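Here's the structure, in structure tokens; my notes come after.
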Amino acid sequence: VAIRYFNVYGPRQDPSSPYSGVLSLFLKAALERTRPTIFGDGEQSRDFTYVEDVAELNLKAARAAGVAGKMYNGGNGERITLNQAWALIQKLAGAEIPALFGPPRAGDVRDSQADTTAAVRDLGHAPRYSFEAGMRLTLEWYRQHAAAVK
């Protein structure tokens, strides 16, 4: 079974890694009270998927009968803009920090959203974490492990 994941986030992401997602950078900025840079206008959107939902989808795919050789999208099936994400993180962190906006990055996809129809049908995919719920848990981990994300 092959699963293509869409913008996975959660505890333990290292914001200093070149492979880190934008949300870990936003969380670090919110906790350090610094301005993050959003490339472009911030209206580009992503299907952010909490790591525990990804783990659950892996287990469902591993246990499902008759799905060998199939491919599934692992996501929540909804889009959140970077501006919406930054606004939520500020709210959860109790901060008001305007973002800096830079030029759009070459080759950056404008919008990304998983079509999870097959994963729902064949694997019973049903993400348990809304974007806000996942961000609350992730922010709490970052607060408790501030030294680990510097």
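By how many nm would the segment from Gln144 to Ala65 grow when fully extended, if each residue of separation counts as 0.36 nm and the alpha-carbon distance is taken off?
Working: separation 79, 0.36 × 79 = 28.44 nm, distance 4.01 nm.
Separation in residues times 0.36 nm, less the Cα-Cα distance, equals 24.4 nm.
Can you classify segment 62-108 as rounded, prolate or oblate using the Cα gyration tensor, where a ≥ b ≥ c are the square roots of its eigenvalues, rounded means a/c under 1.5, and otherwise it's prolate if a/b beats b/c and oblate if not? It would help to have the intermediate numbers written out before the result.
On the way: a/c = 5.00, a/b = 2.05, b/c = 2.43.
It comes out oblate by the Cα gyration axes.
Ile89: net charge of surrounding residues, Cβ under 11 Å, Lys/Arg +1, Asp/Glu -1, itself excluded? Present the calculation step by step, with values, prior to reporting the outcome.
Values: positive: Lys28, Lys91, Arg136; negative: Glu132.
Taking every other residue near Ile89 into account, the sum is +2.
So what J values fall out for segment 118-129 if you push phi through Karplus, 6.51 cos²θ - 1.76 cosθ + 1.60 with θ = phi - 60°, rounded to Hz, Gly and Pro as x?
Running phi through 6.51 cos²θ - 1.76 cosθ + 1.60 with θ = phi - 60° gives 5, 5, 5, 5, 8, 10, x, 4, 8, x, 8, 10 Hz.
Suppose we keep just the DSSP beta bridges with both residues in the chain; what percent of those would be antiparallel, to 5?
Numbers: 2 of 12 bridges.
Of the beta bridges lying entirely in the chain, close to 15 percent run antiparallel.
Helix 22-32 versus the longest principal axis of the chain: what is the Cα-based angle in degrees, 0 to 90, to the nearest 10?
The two axes meet at around 40 degrees.
Under 30 Å between C-alpha atoms is the cut-off here; go through the chain and count lysine pairs that meet it, provided they're at least eight residues apart or on different chains. All intermediate terms of the calculation are to be shown ahead of the outcome.
Numbers: Lys28/Lys91; Lys28/Lys150; Lys60/Lys70; Lys91/Lys150.
So the count works out to 4.
Amide H of Thr49: which non-local residues (sequence gap of 5 or more, or other chain) have their own amide H closer than 5 Å, using H built in the peptide plane?
Long-range HN contacts for Thr49: Val8, Tyr9.
Bear in mind that the values in this text are calculations on the coordinates, not laboratory data. Nothing here was measured: the structure is a model prediction, and the numbers come from that model. Please note: Cβ atoms are built from the backbone with ideal geometry, for glycine as well, and neighbour counts cover all protein chains shown.
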